[in-house]
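These notes concern the structure reproduced below.
The values are calculated or read from the model by the stated rules, or taken from the named source; none is laboratory data. Quick caveat, the model's predicted, so the values are computed rather than measured. Using ideal geometry, Cβ is built from the backbone for each residue, glycine included, and neighbour counts are taken over all protein chains shown. Just the protein is used for accessible areas: all its heavy atoms, side chains included, with ligands, DNA and RNA removed. Shrake-Rupley method; radii C 1.70, N 1.55, O 1.52, S 1.80 Å.
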Amino acid sequence: MAQISIEHLDKIYDNNVQAVFDFNLEVKDGELIVLVGPSGCGKSTTLRMIAGLEDISAGKLLLDGKDITTTPAKDRDMAMVFQNYALYGHMTIYENMAFSLTLRKEDPNVIHRKVLAAAEILGLTDQLNKKPKQLSGGQRQRVAMGRAIVRNPKVFLFDEPLSNLDAKLRGATRREILLLHKRMNATMLYVTHDQTEALTLADRIVCMSMGHVQQVGTPLELYDSPANLFVASFIGLPPMNFFDVTVQGDRLVSGTFSLPLRPAEAEKLNGYQGKTIVLGVRPEDIVVGDDVPVKVFSNENLGMNTLVHGHIVSGGASVPITCKLRGWCDYKQDDEIRVNFNKRHFFDKETTEAIR
Ligand code: ADP
């Protein structure tokens with residue numbers, strides 16, 4: 001059992017930089033939460049406050065109902081896996097994994113059993129007598145996870161654990177973390193700046209910007225219904241396209257195109273007659289059609305899809321657009337094509353909030 005209540009956490013560093021503002025989250029037992037956002041948005045600070053590695057400036061932290069706001073890190077029953085692995089180079093893999101238990105003076109037989117069990121889970125059984133430098137980056141990362149597993153903590157905390165690995169290993173290790181999560185049914189908090197990691201790993205994502213939580217939800221909720229322009233632009237790759245459009249009667253009018261509103265959209269945009277709003281369209285929600293003229297700039301074949309970068313050009317105006325079209329397209333620079341927008345997202349230009 002490990003349920004975490006994070007209530008109104010603030011972090012103000014000694015130099016008066018406020019890194020985290022009013023962070024609230026109820027983490028359910030066995031949940032894998034991913035904190036995601038650009039560098040400097042306060043993810044690690046939040047994780048480190050939960051781990052007890054940073055003082056909490058204001059707010060409260062409860063683990064299974066017990067207030068641990070000021071409990072020292074070593075007594076929190078949480079294990080953290082760092083991005084730089086933090087392995088001891090002079091010790092074997094076995095000794096590295098056993099280290100925290102040896103410090104705690106656990107029975108050597110128990111230590112032996114726990115290290116072998118963790119090594120088995122992580123596929124490290126054959127590596128136990130080696131030194132860290134004899135292992136690949138991916139294996140070292142697994143040793144770092146093994147060190148956390150042997151402690152059998154209530155909560156696992158991961159701080160960008162994959163950022164030192166190459167793309168292929170990142171994918172493989174990501175799947176291992178998912179398997180580990182399923183197998184151990186453990187409560188996990190995971191920090192990354194990589195939206196793909198967030199979408200593929202999380203039960204729920206917490207998306208942050210400049211110390212503030214922007215949205216909490218399942219990966220699908222953040223992808224399908226982003227709460228504001230920040231989340232809309234951060235989640236999804238290539239990022240969502242944005243266009244300034246004015247609501248005029250039953251049409252959306254921009255400097256370069258004019259589109260009829262669908263009935264449900266017209267209802268949603270009822271209060272915005274005559275106003276300029278932001279229209280958001282994901283590249284993968286664009287299809288070849290007849291509504292919007294696009295002048296092709298470049299054509300990138302990805303196999304199943306083609307990324308077409310271009311401009312919507314009309315009169316003297318020109319707006320960039322990226323389309324992810326189905327299949328293998330062979331457009332040349334300056335080709336003129338027409339596209340339609342399937343799903344359309346709307347945002348208030350002033351508040352940047354989604355119009356729902
Ligand atoms: P992230 O993990 O999202 O990259 P951090 O939590 O590391 O962001 O940092 C959030 C903000 O707090 C940044 O502006 C960073 O410069 C600042 N910060 C981080 N650590 C310290 C520190 N020890 N002292 C002062 N400011 C810090």
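Quick look at the numbers
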{"read-out": "Those helices (runs of 4 or more DSSP H) lying entirely in the stretch 190-279 with at least 2 residues touching a helix residue (DSSP H, G or I) at 6+ places or on another chain (Cβ under 7 Å) and in contact (Cβ under 8 Å) with a residue 60 or more places away in the chain", "value": "195-201"}
{"read-out": "Output for the stretch 143-166, where each listed residue is more than 21 Å from the chain's Cα centre (by Cα) and of a type in the set (S, T, N, Q)", "value": "152"}
{"read-out": "Qualifying residue in the stretch 97-113 (condition: within 31 Å of the chain's Cα centre (by Cα), of a type in the set (Ser, Thr, Tyr) and more than 24 Å from residue 167 (Cα to Cα))", "value": "yes"}
{"read-out": "Some residue of the stretch 277-284 being over 28 Å from residue 214 (Cβ atoms), buried (at least 16 other Cβ atoms within 10 Å of the Cβ) and touching a Phe, Trp or Tyr at 6+ places or on another chain (Cβ under 8 Å)", "value": "no"}
{"read-out": "Residue list for the stretch 27-60, restricted to those being part of a loop (DSSP other than H, G, I, E, B), within 15 Å of the ligand (Cβ to nearest atom) and open to solvent by 40 Å² or more (accessible area, probe 1.4 Å)", "value": "38, 39, 40, 53, 54, 55, 57"}
{"read-out": "Selection count, the stretch 302-344, where residues are outside any strand (DSSP E or B), within 25 Å of residue 261 (Cα to Cα) and over 29 Å from the mean Cα position of the chain (by Cα)", "value": "2"}
{"read-out": "Selection status of residue 187, among the polar types (S, T, N, Q) and touching an Asp or Glu at 6+ places or on another chain (Cβ under 7 Å)", "value": "yes"}
{"read-out": "Failed criterion for residue 175 (all others in (1) part of a strand (DSSP E or B); (2) open to solvent by 10 Å² or more (accessible area, probe 1.4 Å) hold)", "value": "(1)"}
{"read-out": "Some residue of the stretch 132-146 being at negative phi and within 16 Å of the ligand (Cβ to nearest atom)", "value": "no"}
{"read-out": "Condition check for residue 66: closer than 30 Å to residue 183 by Cβ, more than 18 Å from the chain's Cα centre (by Cα) and open to solvent by 70 Å² or more (accessible area, probe 1.4 Å)", "value": "yes"}
